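The values are calculated or read from the model by the stated rules, or taken from the named source; none is laboratory data. For clarity, every value in this text was computed on a predicted model and none was experimentally measured. Note that each Cβ is placed from the backbone with ideal geometry, even for glycine, and that neighbours are counted across all protein chains shown. For the accessible areas, the whole protein counts, side chains as well, though only heavy atoms, and no ligand, DNA or RNA atoms are used. Shrake-Rupley method; radii C 1.70, N 1.55, O 1.52, S 1.80 Å.
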Amino acid sequence: MNDYHLTSSVRGEIKETVLSVLRFADIHTLPVNLSVILRAYQIRSLPLSAACEAGLNIQCRDGRTICQYRSEGMQYLILYNDSHNEARMRWTIAHELGHIMLDHVTQNDTVLERMEAEANYFALQLLAPLAVLDAMDAKSASEIQALCGLSHQAAELRRRDFERRNRHKAKHGDTKHDLLFLQQFAIVSQDPVI
């Protein structure tokens, strides 16, 4: 993860995008099934080892998104390093999906650090929505790791986010996005106040 600061409005836009993805793919449970999302958006994924066997010489540490313009529209392929453990591969796929959904693959943005921070934030919101974890009382790194299929490192970072969330919630209550995430995961049944 990097130290690039995302503004609250950018974080809100990313949460809206994540919620849109969850709705479109009809995801309501943790761990989030990334295969269902990829199928819903007709995005293919391929392990790097298979890409190498097919004769593609692609260098990347974790993952990469390849896009191809076709007459029927943009086609995406997410490559991921299958020498990593399952949790790391899940994170990589969610991160690369973030690049696609946040339209990074078609931008000429030279601020790579910003795009990486946004894709990381997307992956974190997609795989481990904080309001949902809070409602499920999954607040330790090991609980988050088991429930969301995250690495220990990512689960520990998410655990630390509870401190900030608790301060904000004590003063202001649940945010609009908190309520929307809770509704998406069927933890609340009423319409959120917006």
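The table below lists the values:
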quantity	calculated
The chain: relative contact order in percent, alpha carbon pairs under 8 Å with at least 6 residues between	23 percent
Nearest-20 debye value, the chain charge dipole, Cβ charges on Lys, Arg, Asp, Glu	280 debye
Charge dipole of the chain about the Cα centre (unit charges at C-beta), most positive-ward option of Phe162, Ala117, Leu19	Phe162
Accessible surface of segment 1-94, 1.4 Å probe, proportion on carbon and sulfur as whole %	47 percent
Point-charge dipole on Cβ atoms (K/R +1, D/E -1) for segment 13-90, about Cα centre, debye to 20	40 debye
Cα gyration tensor shape of segment 102-144, rounded if a/c is under 1.5, else prolate or oblate by comparing a/b with b/c	prolate
Global form of segment 1-127, assessed from the alpha-carbon gyration tensor, a/c cut-off 1.5	rounded
Solvent exposure of segment 1-97 as accessible area per residue, Å², 1.4 Å probe	59 Å²
Surface share of carbon and sulfur [accessible, 1.4 angstrom probe, percent] for segment 109-151	55 percent
Stretch gain in nm, segment Gln42-Ser83, where the contour uses 0.36 nm per residue and the Cα spacing is subtracted	12.3 nm
Within segment 28-135, trypsin sites (Lys or Arg not before Pro) in DSSP loop having at most 13 other beta-carbon neighbours inside 10 Å	Arg61
Percentage relative contact order, segment 113-194, counting C-alpha pairs under 8 Å, at least six apart	28 percent
Axial C-alpha extent at least 15 Å, average Kyte-Doolittle at least -0.5 - helices from the chain (DSSP)	8-24, 86-101, 112-127
